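Chemist: Attaching a single structure in structure tokens format; questions to follow.
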Amino acid sequence: MAKKPTRHKTAAAPVPVPQTRDQVSNHIREIGERNRELMRITAAMNDELAAVKERWEAEAQPHSQRIESLTAGIQIWSEANRDTLTQGGKTKTATFPAGEIAWRLRPPSVRVTGAEAVLDALRRLGLSRFVRQKDEVNKEAILNEPAAVANVPGISISQGEDFVVTPFEAELSEAV
């Protein structure tokens, strides 16, 4: 008995597919209209969010100010009584019935202003151990000479293609 040929079914495209140039142009026009409507909706949402945020921030402001004021007062009192609170510097935390206060050292940080001048000074003073040398692949050079690295393992050059639809839009000129 002969075997039935295998049938392959393809589902219909779940998107509207234009059939003519005019239909493509109409789809592009509709994309432009819908993009502009999305921008209007987004702007309206942001206007509402700004009003809501402003209202809640105004309600929260007195609380934030009071917290800052209370914290500053506690810090002034604690600094005046630090030796007693830290048992002569043995601890960094003092406990109260309602909570605790603590002194914490931040990790040290280095800030460099005028990086080129600092690098030159470090090299002149023989302190090059504080200058980092960074080796990295120069991708721009590879793109300029792809044939030179064609056989280098680990390097591949790829290029993709995007499909872009850009509806025409005109800007309003300001009245002079």
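Chemist: Out of (1) aromatic (Phe, Trp, Tyr); (2) surrounded by 10 or more Cβ atoms within 10 Å (Cβ to Cβ); (3) over 30 Å from ALA72 (Cβ atoms), what's the single condition that is false for PHE163?
Modeler: Of the numbered conditions (1) aromatic (Phe, Trp, Tyr); (2) surrounded by 10 or more Cβ atoms within 10 Å (Cβ to Cβ); (3) over 30 Å from ALA72 (Cβ atoms), the odd one out for PHE163 is (2).
Chemist: With respect to LYS134, is the statement that it is surrounded by 10 or more Cβ atoms within 10 Å (Cβ to Cβ) and out of contact with any Ser or Thr (no Cβ under 6 Å at 6 or more places or on another chain) true? Explain how you work it out, then say what you get.
Modeler: Details: surrounded by 10 or more Cβ atoms within 10 Å (Cβ to Cβ): no; out of contact with any Ser or Thr (no Cβ under 6 Å at 6 or more places or on another chain): yes.
So LYS134 does not fit the description; no.
Chemist: All but one of (1) under 28 Å from the mean Cα position of the chain (by Cα); (2) surrounded by fewer than 10 Cβ atoms within 10 Å (Cβ to Cβ) hold for ILE157; which doesn't?
Modeler: Here ILE157 clears every test but (2).
This table checks each residue for (1) farther than 30 Å from GLY32 by Cβ; (2) modelled with pLDDT of 90 or more; (3) assigned to a helix (DSSP H, G or I); (4) within 31 Å of the chain's Cα centre (by Cα).
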| position | (1), (2), (3), (4) |
| --- | --- |
| THR95 | yes, yes, no, no |
| ARG106 | yes, yes, no, yes |
| LEU119 | yes, yes, yes, yes |
| GLY126 | yes, yes, no, no |
| LYS134 | yes, no, no, yes |
| PHE163 | no, no, no, yes |
| GLU169 | no, no, no, yes |
| ALA175 | no, no, no, no |
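Chemist: Which condition number does LEU143 fail, the rest of (1) of a type outside the set (Asp, Glu); (2) on the phi < 0 side of the Ramachandran plot; (3) part of a loop (DSSP other than H, G, I, E, B) being met?
Modeler: (3)
Chemist: Within region 94-125, can you find the residues that are polar (S, T, N, Q) and either surrounded by 10 or more Cβ atoms within 10 Å (Cβ to Cβ) or in contact (Cβ under 8 Å) with a residue 24 or more places away in the chain (or both)? Spell out how you get there, then give the answer.
Modeler: Here is the first cut: in region 94-125, the ones polar (S, T, N, Q) are 95, 109, 113.
The one that is polar (S, T, N, Q) and either surrounded by 10 or more Cβ atoms within 10 Å (Cβ to Cβ) or in contact (Cβ under 8 Å) with a residue 24 or more places away in the chain (or both): THR95.
Chemist: Also: Residues SER128, SER78: which one is in contact (Cβ under 8 Å) with a residue 12 or more places away in the chain and among the small types (Gly, Ala, Ser)?
Modeler: Details: SER128 fails: in contact (Cβ under 8 Å) with a residue 12 or more places away in the chain.
Being in contact (Cβ under 8 Å) with a residue 12 or more places away in the chain and among the small types (Gly, Ala, Ser) holds for just one of SER128, SER78, which is SER78.
Chemist: Taking PRO62 and the conditions (1) part of a helix (DSSP H, G or I); (2) surrounded by 10 or more Cβ atoms within 10 Å (Cβ to Cβ), which numbered condition does it fall short on, given that it satisfies the others?
Modeler: Condition not satisfied by PRO62: (2).
Chemist: Scan region 29-47 and report the pairs whose first residue is of a type outside the set (S, T, N, Q) and whose second residue is surrounded by 12 or more Cβ atoms within 10 Å (Cβ to Cβ), with Cβ atoms within less than 6 Å and a gap of 6+ or a chain change.
Modeler: Partner pairs satisfying both residue conditions: ILE31/PRO167; GLY32/PRO167.
Chemist: For region 142-151, which residues satisfy the criterion of being free of Cβ contacts under 8 Å to residues at least 12 places away in the same chain and surrounded by 10 or more Cβ atoms within 10 Å (Cβ to Cβ)?
Modeler: Restricting attention to region 142-151, the residues satisfying the condition of being free of Cβ contacts under 8 Å to residues at least 12 places away in the same chain are 144-151.
Within region 142-151, PRO146, ALA148, VAL149, ALA150 qualify.
Chemist: If THR91 passes every condition in (1) surrounded by 10 or more Cβ atoms within 10 Å (Cβ to Cβ); (2) at pLDDT 95 or above; (3) of a type outside the set (A, V, I, L, M, F, W, C) but one, which one does it miss?
Modeler: So the condition that THR91 fails would be (2).
The values are calculated or read from the model by the stated rules, or taken from the named source; none is laboratory data. Fair warning: this is a prediction, and the values are worked out from it, not measured in the lab. In this analysis, Cβ positions are derived from the backbone assuming ideal geometry, glycine residues included, and neighbour counts consider all displayed protein chains.
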